[in-house]
Amino acid sequence: MWQDPIIKETRELRNQYAAQFNHDLDAIFEDIKKRQEKSKRKQVSFSPRKAVMIKKCA
């Protein structure tokens, strides 16, 4: 089966990053928050939208 080399590299990098924190999601989340605070980039947050109910067709 063919594997996309970009996907493979991305997964490897993600695993290396997670390994720095022993795959602890709380520690990873804290690191991401710290990186965002240091970043000079503007962060955008959108208001949540109302859920739309869809009628089922019989």
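The values are calculated or read from the model by the stated rules, or taken from the named source; none is laboratory data. Since the structure is predicted, the reported quantities are computational estimates derived from the model, not experimental observations. Every residue, glycine among them, receives a Cβ derived from its backbone with ideal geometry; neighbour counts consider all protein chains shown.
Scanning the range 22-31 for residues that are surrounded by 10 or more Cβ atoms within 10 Å (Cβ to Cβ) and in a helix (DSSP H, G or I) yields A27, I28, F29, E30, D31.
For the range 1-21, the candidate set comprises residues that are polar (S, T, N, Q) and not in a helix (DSSP H, G or I); within that set, the residue that is farthest from D31 (Cα to Cα) is Q3.
Within the range 1-24, no residue that is on the phi > 0 side of the Ramachandran plot sits with its Cβ atom under 8 Å from a residue that is at pLDDT 95 or above and among the aliphatic types (A, V, I, L, M) at 6+ positions apart or across chains.
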